[in-house]
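The values are calculated or read from the model by the stated rules, or taken from the named source; none is laboratory data. All values derive from a computational prediction rather than experimental measurement. Counting neighbours? That spans all protein chains shown, and the Cβs are built from the backbone with ideal geometry, glycine included.
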Amino acid sequence: MQASPPSAPAGAAPDDARHQRVRDAVRALVAEFGVNVSMDAIAARAGCSKQTLYARYGSKQALMHLVASDGMAAIRLPPAPTAGSLRKALVAFAEDHLAHLAEPRTLGTARLVTAQAAEFPEEVAAMYQDYVGALLDRLGGWLQQAMRRGLLRHDDPHCAAELLLGMIVGLDFDRQRHLAPHRDTPEARSQWAAFAIDSFLRAFAPPASRT
């Protein structure tokens, strides 16, 4: 089981201009250098001292986790699924996720971090947990609510979340990583997102709605 990262000091990360600079610095440096980023480099890029970073965030691990959590907060999912919003919410989520994966920075970071896995296994595993693991947990919790409300058939919500993410992404992210032809327009991604969500909803339709 993945250990929880050290907690940052209380009140360490208000959503202010300084935190935004630090957050932007972390994301830019990870895109350029992968997980092998030092607090010295983050401080220099953000325009502050290393001591300030440790005072505000506690450790590099806690800072990286916080930046990942900021990204998870931007995921568009309603607080609770309803019969009227289920498909619309999932299609919007799928479109956002595919658009994020299509961003050059996301693709470049994925290539770089994958190449560093053998050299920095703990850091790469922690980054996976902070991003993909957190995304699975959040989506699984949301699907569990839908199951409890009778909007989806009852099953393991976290397995359903993993299956759904696989259906949304398909092979397209691998195609991009290997420079193969892929769905490179918003229209193509939206069409695939709708297809994936409709297929998932048919597979997990509650028994009463099956024909």
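Annotations for the structure displayed:
- Among the residues listed as 151, 112, the single one being surrounded by 15 or more Cβ atoms within 10 Å (Cβ to Cβ), more than 15 Å from the chain's Cα centre (by Cα), in contact (Cβ under 8 Å) with a residue 60 or more places away in the chain and not in a helix (DSSP H, G or I): 151
- In the stretch 136-151 there is no residue that is touching a Gly at 6+ places or on another chain (Cβ under 9 Å) and within 20 Å of residue 80 (Cβ to Cβ).
- Meets criteria (in contact with an Asp or Glu (Cβ under 7 Å, 6 or more places away or on another chain), closer than 29 Å to residue 19 by Cα and surrounded by fewer than 15 Cβ atoms within 10 Å (Cβ to Cβ)) for residue 76: yes
- Qualifying residue in the stretch 39-51 (condition: at positive phi and at pLDDT 90 or above): yes
- Here residue 164 fulfils each of the conditions (1) in contact with a Phe, Trp or Tyr (Cβ under 7 Å, 6 or more places away or on another chain); (2) more than 22 Å from residue 68 (Cα to Cα) apart from (2).
- Filter pass, residue 145 being among the polar types (S, T, N, Q) and over 17 Å from the mean Cα position of the chain (by Cα): yes
- Among the residues making up the stretch 171-199, a single one is closer than 21 Å to residue 109 by Cα and aromatic (Phe, Trp, Tyr): 173.
Here is a yes/no grid of residues against (1) hydroxyl-bearing (Ser, Thr, Tyr); (2) exposed (fewer than 15 other Cβ atoms within 10 Å of the Cβ):
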| position | (1), (2) |
| --- | --- |
| 82 | yes, yes |
| 88 | no, yes |
| 99 | no, yes |
| 107 | no, no |
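- Taken over the stretch 155-172, the criterion of being closer than 17 Å to residue 137 by Cα and either without any contact (Cβ under 8 Å) to a residue 24 or more places away in the chain or not assigned by TED's automatic domain parsing to the domain that holds residue 184 (or both) is satisfied by 156, 157, 158, 159, 166.
- Pairs with Cβ under 8 Å, 6+ apart, first in the stretch 127-145 and assigned by TED's automatic domain parsing to the domain that holds residue 113, second polar (S, T, N, Q): 129/2; 130/69; 133/2; 134/69
- Where residue 142 falls short, out of the listed (1) touching a Pro at 6+ places or on another chain (Cβ under 8 Å); (2) surrounded by fewer than 19 Cβ atoms within 10 Å (Cβ to Cβ); (3) part of a helix (DSSP H, G or I): (2)
- All conditions but one from (1) aliphatic (A, V, I, L, M); (2) buried (at least 16 other Cβ atoms within 10 Å of the Cβ); (3) assigned to a loop (DSSP other than H, G, I, E, B) apply to residue 92; the one that does not is (3).
- Total residues in the stretch 192-211, condition assigned to a helix (DSSP H, G or I), loosely packed, with under 13 Cβ neighbours inside 10 Å and not aliphatic (A, V, I, L, M): 4
- The residue of the stretch 44-103 that is farthest from residue 184 (Cα to Cα), among those that are touching a residue at least 40 places away in the same chain (Cβ under 8 Å) and among the acidic types (Asp, Glu), is 70.
- The one condition from (1) modelled with pLDDT under 95; (2) in a helix (DSSP H, G or I); (3) surrounded by fewer than 18 Cβ atoms within 10 Å (Cβ to Cβ) that residue 163 does not meet is (1).
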